[in-house]
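The values are calculated or read from the model by the stated rules, or taken from the named source; none is laboratory data. The model shown is predicted, which means the values in this text are computed figures rather than measured ones. Note: ideal-geometry Cβ built from the backbone for every residue, glycine included; neighbour counts use all protein chains shown.
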């Protein structure tokens with residue numbers, strides 16, 4: 001599927017019923033190498049179902065769940081390593097759970113569509129933080145308009161901090 005195609009994804013809140021499916025995705029080799037163990041991750045996702053700072057979502061394609069996506073506000077968590085970003089910045093994380101859909105342009109298309117929604121809601125910047133060794137993700141995010149702005153190490157590990165700004169909101173000095 002070329003990233004330029006007009007596929008529209010649906011984003012819906014994660015429910016308790018989704019957790020076994022997400023746990024299965026977290027066990028897939030293409031996901032497991034970038035996330036902590038499924039039990040720890042599922043506990044965090046469960047906590048975030050009712051969170052004000054993190055919004056866990058299921059990405060659907062034609063009614064079929066295919067990915068886990070979360071958005072978060074780094075300014076709502078004390079000591080968050082990305083709280084130095086401009087006020088209103090939102091962060092996102094994405095994992096395509098269905099192995100057959102990896103490497104087919106879905107990652108950049110999902111991110112591009114979701115980021116546009118965040119911009120329409122008023123976010124001035126969106127950040128994402130892939131591991132430096134995750135070349136596939138970095139390329140997908142670049143295709144979606146992100147650019148590397150920093151390399152960091154925090155409790156989340158080594159990351160390439162990437163950002164995309166709403167039109168007219170480009171940040172100086174980066």
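Observations, loosely collected:
- Evaluated against (1) at pLDDT 95 or above; (2) more than 27 Å from residue 132 (Cβ to Cβ), residue 69 falls short on exactly one condition, (2).
- Residue 90 being under 25 Å from residue 32 (Cα atoms) and at pLDDT 95 or above: yes
The rows are residues; the columns are (1) closer than 24 Å to residue 58 by Cα; (2) in contact with a strand residue (DSSP E or B) (Cβ under 7 Å, 6 or more places away or on another chain).
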position: 90; (1), (2): yes, yes
position: 94; (1), (2): yes, yes
position: 113; (1), (2): yes, no
position: 118; (1), (2): yes, yes
position: 122; (1), (2): yes, no
position: 133; (1), (2): no, no
position: 152; (1), (2): no, yes
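- Verdict on residue 69 being touching a strand residue (DSSP E or B) at 6+ places or on another chain (Cβ under 7 Å) and within 29 Å of residue 152 (Cβ to Cβ): yes
- Given (1) in a strand (DSSP E or B); (2) surrounded by 17 or more Cβ atoms within 10 Å (Cβ to Cβ); (3) touching a residue at least 40 places away in the same chain (Cβ under 8 Å), index of the condition residue 162 fails: (3)
- Strands (runs of 3 or more DSSP E) (entirely within the stretch 1-119) containing at least 2 residues that are touching a helix residue (DSSP H, G or I) at 6+ places or on another chain (Cβ under 9 Å) and under 22 Å from residue 146 (Cβ atoms): 54-61, 64-72, 90-96
- Residue in the stretch 40-52 that is touching a strand residue (DSSP E or B) at 6+ places or on another chain (Cβ under 7 Å), within 27 Å of residue 152 (Cα to Cα) and at pLDDT below 95 present: yes
- Flag if residue 102 is farther than 16 Å from residue 54 by Cα, touching a residue at least 12 places away in the same chain (Cβ under 8 Å) and under 16 Å from the mean Cα position of the chain (by Cα): yes
- Residue under evaluation residue 18, criteria (1) closer than 29 Å to residue 165 by Cβ; (2) buried (at least 18 other Cβ atoms within 10 Å of the Cβ); (3) at pLDDT 95 or above, criterion not met: (1)
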